[in-house]
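The next block holds one structure in the form of structure tokens; read it before the comments.
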């Protein structure tokens, strides 16, 4: 028996990108639905007080609804909000941050204000994408993304949120043919870097392949074909490493470097805004050091030096800590290339282990910058509570895990400023910076 169709009025947006409707005391979560729409939906998972639904039809459109830029929007599992104006998207993300801070961190809404950045491109912003691909028994190659909650491959030539310079290679992959006797599957990460493969290109593209079940002969042929494309500087299987790091970006007099498969923020324009906000915030909260020793900053979960390099450039001493040894080597390489090694040091170690070793010496730093993974930094909170420096800049890609950490950090720190950055337009993801200062 088919579940009944419900007609629902969508009134708000939930973290996760689903529209919310309330009817007869029950809450309904509906993917692809927007506030202001009236929709027909069916329940897929019933939890009593709330239910997960599947959108069947939009009966009435939202007043400010826009046309999606992507031909496969609604099929591909990547974007949730291409029918929503960018201003509405940013307001929802601001609400996600506010809700997490009041509901989870238990902050009084009168004690903070979230400033949401309103700049940045709505499309064409990702300099790195990971495509799924298959080679059929006839040797035809197809690439794309998986459908939402599915292993079904949705193919396309152009991803609307990706850097347009990746489109040419995506089109090439979807037209490629190799000699193949059986089907094989793979994924490939494409990234735009600043290194120039030719004198007039000004950029290069790396392609890192991972064969599902191993690298098949057909996939090796495909890598060779990709290697021959003029804009491609690297096309190898996962695990291969070039002799020298690539120049990822030159900005404000600083060179940033990367290697295949290494994490770097995909929205470089918004990343620059975030870095500037961290530097400005620390500068405002810390006392001037004229004629004194440099400010000492501890950069936890430092990656390849995204924040550290900007702080070093401004004459601060920075010690970076990161579990990934390759990222630490990239940070050291960048420091050397930018001639900043006099003020820099790095440790490749789990952050919580480093803090346990540092113990009371943690108090000797003027500030800490923390940029933990999505799950937060629960293992590190106690060290900051006991011996933390007077100022902390907390960067997060998940408002809920951030709020859980802040709920504990409030015992020592008060929130000074909260900023949201729309790193990922057309999706519900948001980056947050919270500046904290030790209580008097």
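Worth pointing out:
- For residue 298, the conditions (1) surrounded by 17 or more Cβ atoms within 10 Å (Cβ to Cβ); (2) touching a helix residue (DSSP H, G or I) at 6+ places or on another chain (Cβ under 8 Å); (3) part of a helix (DSSP H, G or I) all hold with the exception of (3).
- No other residue among 363, 367, 383 is surrounded by fewer than 18 Cβ atoms within 10 Å (Cβ to Cβ), in contact with a helix residue (DSSP H, G or I) (Cβ under 6 Å, 6 or more places away or on another chain), touching a residue at least 24 places away in the same chain (Cβ under 8 Å) and more than 27 Å from residue 78 (Cα to Cα) apart from 363.
- Test: residue in the stretch 149-157 that is closer than 14 Å to residue 186 by Cα and under 17 Å from the mean Cα position of the chain (by Cα): no
- Criterion applied to 124, 136, 163 was being modelled with pLDDT of 90 or more and on the phi > 0 side of the Ramachandran plot, and the one residue passing it is 124.
- All positions within the stretch 92-110 that are more than 18 Å from residue 14 (Cα to Cα) and in contact with a strand residue (DSSP E or B) (Cβ under 7 Å, 6 or more places away or on another chain): 107
- Residue check for residue 122: part of a helix (DSSP H, G or I) and touching a helix residue (DSSP H, G or I) at 6+ places or on another chain (Cβ under 8 Å): no
- Test result for residue 182, on the phi < 0 side of the Ramachandran plot and surrounded by 16 or more Cβ atoms within 10 Å (Cβ to Cβ): no
- Within the stretch 137-151, being surrounded by 14 or more Cβ atoms within 10 Å (Cβ to Cβ) and in a loop (DSSP other than H, G, I, E, B) holds for 139, 148.
- Residue count, the stretch 301-338 (criterion: in a helix (DSSP H, G or I) and within 20 Å of the chain's Cα centre (by Cα)): 8
- Once the stretch 320-341 is narrowed to residues that are surrounded by 20 or more Cβ atoms within 10 Å (Cβ to Cβ) and touching a residue at least 40 places away in the same chain (Cβ under 8 Å), the residue that is nearest to residue 299 (Cα to Cα) is 327.
- There is at least one residue in the stretch 379-395 that is under 30 Å from residue 160 (Cα atoms) and at pLDDT 95 or above.
- Selection within the stretch 342-359 - part of a strand (DSSP E or B) and buried (at least 19 other Cβ atoms within 10 Å of the Cβ): 344, 346
- In the set (1) assigned to a loop (DSSP other than H, G, I, E, B); (2) touching a strand residue (DSSP E or B) at 6+ places or on another chain (Cβ under 7 Å); (3) free of Cβ contacts under 8 Å to residues at least 40 places away in the same chain, residue 288 fails one condition alone, (2).
- Elements of type strands (runs of 3 or more DSSP E) contained in the stretch 5-95, each with 2 or more residues being out of contact with any helix residue (DSSP H, G or I) (no Cβ under 8 Å at 6 or more places or on another chain) and at positive phi: none
- Single residue of the stretch 266-285 satisfying the filter (free of Cβ contacts under 8 Å to residues at least 24 places away in the same chain and either touching a strand residue (DSSP E or B) at 6+ places or on another chain (Cβ under 9 Å) or buried (at least 22 other Cβ atoms within 10 Å of the Cβ) (or both)) that is farthest from residue 255 (Cα to Cα): 284
- Within the stretch 181-265, strands (runs of 3 or more DSSP E) holding 1 or more residues that are closer than 19 Å to residue 142 by Cβ and within 26 Å of the chain's Cα centre (by Cα): 184-193, 204-211, 232-237
- Annotation note: of 188, 141, 192, 154, the sole residue that is more than 22 Å from residue 263 (Cβ to Cβ), touching a residue at least 40 places away in the same chain (Cβ under 8 Å) and in contact with a helix residue (DSSP H, G or I) (Cβ under 8 Å, 6 or more places away or on another chain) is 141.
- Some residue of the stretch 235-251 being closer than 28 Å to residue 377 by Cα and touching a residue at least 60 places away in the same chain (Cβ under 8 Å): no
- Selection count, the stretch 19-28, where residues are under 24 Å from residue 87 (Cα atoms) and surrounded by 20 or more Cβ atoms within 10 Å (Cβ to Cβ): 2
The values are calculated or read from the model by the stated rules, or taken from the named source; none is laboratory data. Just so it is clear, the model here is predicted, and its values are computed rather than measured. With ideal geometry, Cβ positions are generated from the backbone for all residues, glycine too; neighbour counts draw on all protein chains shown.
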